[in-house]
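Colleague: Take a look at the following structure, please.
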Amino acid sequence: MSFTPVDQQARERARRDHTTSFVLEAGAGTGKTTLLIDRIECLILSGHASLEEIAAVTFTEIAATTLKLRLRERLERVRVETGIPAAERERAARALDLIERAQVSTIHALCGAILQERPLECGVPPGFRMADEAETDRLFAEAWSEWLDLRLVHGDPVLAEALDRNIPLEGAFGYGERTSLRGFARLLLEQRDLDPLLASEAPDAESWRSELRVQAARGRELASQAKDGDALAVRLEALASFADQSRFLTGEALLSHLGRLPAITKTFGHKPRWPSPEVLGEARKLAEWTKQAADTWSTALSSRFHGRLVAALQDVVRIYERKKQTGGLLDFLDLLLKTRNALKKRPWLRSYFHSRFRFLIIDEFQDTDPLQVEIAGLLAGEHPGSLVVVGDAKQSIYRFRRAEVSLFREAAEEARRQPGRAVLHLT
């Protein structure tokens, strides 16, 4: 008794339609790996492509190995099956001769193959060596130590301010490391393909001081009308004294002083001690201003410090890059970055690799990050049939390695709208 799945039509189209690019929405247990092998087999046996013209991208090396082994088994069966046309058996035999060199791999391995094939055009040293995780950890540790030594020797004000803010230089391994300066430098290194989000405007200390002096002068006038001992009047007098202390300060000293604005955070003011409800109401509004100004100024100063800190810690990244270049090394992010930049900036190189890998298949697409999606788009181009992606939004490991499940949903929506593309559901 044979079994015909309810989505048989979609499966047949995914196998045999090689002129349409597909987004396959496939849940767990729907046989998506078998379908991917079916498509690769059909491409080879029909003569639409040779094995070296197909790139199949998986999420892990284990998945790539499994896919390659199953593809080998499938082709072996075709080669020895007497009931299959001789031309197809011959194509299967040629594919088996190339199976060990087949580009069935992770996205990083695919990018590594692209860089190795055209190193000079991609801006990498010929014969570059991949640095493993232990080696990149060592290089980062050396870069961090070199940066820290230089900053301590020359007396860096940014480093001093970080310590004043109780930010540790180094933390314990794990989460504690992430909250330290060393952890922040590591984050900048791991996400160096992104531009840090920095404050666009510098704090206007003179404007802040002018506003403070106006408010403080009015606060002193209001406080003088209250009877002795009123808590709100005392705090308004303290505000006036604070404003007086800022008169002759400039530069960093002024900003530091204004960042300590004494906010009146509680509702003070005893009615019998004030001449009228209107005067008390104005005094309380002025107290509210201190809270708002303290929050605004503190936020602006923190944003400014963040920008200065990022600029300082970028030197750790530069030292790390220099050490890699000296050793002829690339790390995992380099594989993606160098490939993306080369394909994006050099149209002729993009055209070459599209003809080199005419058919691109990507599994677990819901767990790809924006950089990987961009590389896939550059490789596949706009040629119908050149790209098939498989995924399931419900299985997304959300935010894992900057994965964004929204990218999979966007790809599906785009495929529904554009000619030469389609969405297929495996159930």
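The values are calculated or read from the model by the stated rules, or taken from the named source; none is laboratory data. The structure displayed is predicted, hence computed values, not measured ones. Glycine also receives a Cβ, built like all others from the backbone with ideal geometry; neighbour counts cover every protein chain displayed. SASA here: full protein model, heavy atoms, side chains in, ligands and nucleic acids out. Shrake-Rupley method; radii C 1.70, N 1.55, O 1.52, S 1.80 Å.
Colleague: Residues in segment 321-338: is at least one open to solvent by 10 Å² or more (accessible area, probe 1.4 Å), touching an Asp or Glu at 6+ places or on another chain (Cβ under 9 Å), more than 22 Å from ALA131 (Cα to Cα) and of a type in the set (D, E, K, R)?
Modeller: no
Colleague: Please go through segment 5-28 and pick out each residue that is open to solvent by 20 Å² or more (accessible area, probe 1.4 Å) and touching a Pro at 6+ places or on another chain (Cβ under 9 Å).
Modeller: Of everything in segment 5-28, those that are open to solvent by 20 Å² or more (accessible area, probe 1.4 Å) and touching a Pro at 6+ places or on another chain (Cβ under 9 Å) turn out to be ARG11, THR19.
Colleague: Looking only at segment 79-109, which residues are among the β-branched types (Val, Ile, Thr) and surrounded by fewer than 12 Cβ atoms within 10 Å (Cβ to Cβ)? Let's see the steps before the verdict.
Modeller: Taking segment 79-109 as the starting set, the residues that turn out to be among the β-branched types (Val, Ile, Thr) are 80, 82, 84, 99, 104, 106-107.
Listed by number, the residues that qualify are VAL80, THR82.
Colleague: Any residue that is more than 22 Å from ILE40 (Cβ to Cβ), modelled with pLDDT of 90 or more, in contact with a helix residue (DSSP H, G or I) (Cβ under 9 Å, 6 or more places away or on another chain) and open to solvent by 70 Å² or more (accessible area, probe 1.4 Å) - is there at least one of those in segment 385-405?
Modeller: No; the residues of segment 385-405 include none that is more than 22 Å from ILE40 (Cβ to Cβ), modelled with pLDDT of 90 or more, in contact with a helix residue (DSSP H, G or I) (Cβ under 9 Å, 6 or more places away or on another chain) and open to solvent by 70 Å² or more (accessible area, probe 1.4 Å).
Colleague: So, one more: Can you work out which of the residues in segment 239-252 that are at pLDDT below 95 and over 44 Å from the mean Cα position of the chain (by Cα) is least open to solvent (accessible area, probe 1.4 Å)?
Modeller: Looking at the filtered set, the residue picked out is ARG247.
Colleague: Looking at segment 137-147, can you tell me whether even one residue there is under 27 Å from SER302 (Cα atoms), in a helix (DSSP H, G or I), under 23 Å from the mean Cα position of the chain (by Cα) and among the aromatic types (Phe, Trp, Tyr)?
Modeller: yes
Colleague: While we're looking at this one, here's another question. Within segment 259-272, work out how many residues are farther than 10 Å from LEU232 by Cα and open to solvent by less than 90 Å² (accessible area, probe 1.4 Å).
Modeller: Matching residues across segment 259-272 total 5.
Colleague: In segment 277-296, what residues are within 30 Å of PHE184 (Cβ to Cβ) and either among the polar types (S, T, N, Q) or open to solvent by less than 50 Å² (accessible area, probe 1.4 Å) (or both)? Before you say what the answer is, go through the steps one by one.
Modeller: Keep residues of segment 277-296 that are within 30 Å of PHE184 (Cβ to Cβ), which gives 291-296.
Passing the criteria: GLN292, ALA293, ALA294, THR296.
Colleague: Need pairs with beta-carbon distance below 7 Å; first residue modelled with pLDDT of 90 or more and within segment 175-193, second hydroxyl-bearing (Ser, Thr, Tyr) and open to solvent by less than 20 Å² (accessible area, probe 1.4 Å); sequence gap 6+ or separate chains.
Modeller: LEU189/TYR320
Colleague: Out of LEU255, LEU222, LEU236, LEU232, which single residue is open to solvent by less than 50 Å² (accessible area, probe 1.4 Å), touching a residue at least 12 places away in the same chain (Cβ under 8 Å), closer than 30 Å to HIS306 by Cβ and not hydroxyl-bearing (Ser, Thr, Tyr)? First the steps, then the outcome.
Modeller: Values: LEU222 fails: closer than 30 Å to HIS306 by Cβ; LEU236 fails: closer than 30 Å to HIS306 by Cβ; LEU232 fails: closer than 30 Å to HIS306 by Cβ.
Going through LEU255, LEU222, LEU236, LEU232 in turn, just one is open to solvent by less than 50 Å² (accessible area, probe 1.4 Å), touching a residue at least 12 places away in the same chain (Cβ under 8 Å), closer than 30 Å to HIS306 by Cβ and not hydroxyl-bearing (Ser, Thr, Tyr): LEU255.
Colleague: Among residues belonging to segment 47-59 that are open to solvent by 60 Å² or more (accessible area, probe 1.4 Å) and not in a helix (DSSP H, G or I), point out the one that is modelled with the highest pLDDT. Talk me through it step by step, then tell me what you get.
Modeller: To start, the set of residues in segment 47-59 that are open to solvent by 60 Å² or more (accessible area, probe 1.4 Å) comprises 48, 52, 59.
From what's left, not in a helix (DSSP H, G or I): 48, 59.
Values: HIS48: 93, PHE59: 87.
Looking at the filtered set, the residue picked out is HIS48.
Colleague: Mind counting the residues in segment 297-314 that are open to solvent by 50 Å² or more (accessible area, probe 1.4 Å) and in contact with a Phe, Trp or Tyr (Cβ under 9 Å, 6 or more places away or on another chain)?
Modeller: So the count comes out to 0.
Colleague: Would you call VAL316 within 30 Å of ASP137 (Cβ to Cβ) and without any contact (Cβ under 8 Å) to a residue 40 or more places away in the chain?
Modeller: Values: within 30 Å of ASP137 (Cβ to Cβ): yes; without any contact (Cβ under 8 Å) to a residue 40 or more places away in the chain: no.
No: the conditions fail for VAL316.
Colleague: Kindly list, by first and then second residue, each pair from a residue in segment 284-302 that is closer than 17 Å to ALA238 by Cβ to a residue that is acidic (Asp, Glu) and part of a helix (DSSP H, G or I), limited to pairs with Cβ atoms under 9 Å and residues at least 6 apart or on different chains.
Modeller: Hits for this filter: TRP289/GLU211; ALA293/GLU211.
Colleague: Now for a different question. Looking only at segment 60-69, count how many residues are of a type outside the set (Asp, Glu) and surrounded by fewer than 14 Cβ atoms within 10 Å (Cβ to Cβ).
Modeller: The qualifying residues number 4.
Colleague: For the condition under 24 Å from PRO157 (Cβ atoms), modelled with pLDDT of 95 or more and either open to solvent by less than 20 Å² (accessible area, probe 1.4 Å) or hydroxyl-bearing (Ser, Thr, Tyr) (or both), what is the one hit in SER200, SER207?
Modeller: On the way: SER200 fails: modelled with pLDDT of 95 or more.
After applying the criteria, what remains is SER207.
Colleague: Follow-up. Helices (runs of 4 or more DSSP H) wholly in segment 177-248 with at least 1 residues that are closer than 30 Å to LEU371 by Cα - which ones? Please lay out each step first, then the result.
Modeller: Values: elements: 181-190, 205-224, 231-245.
Counting at least 1 such residues, we get 181-190.
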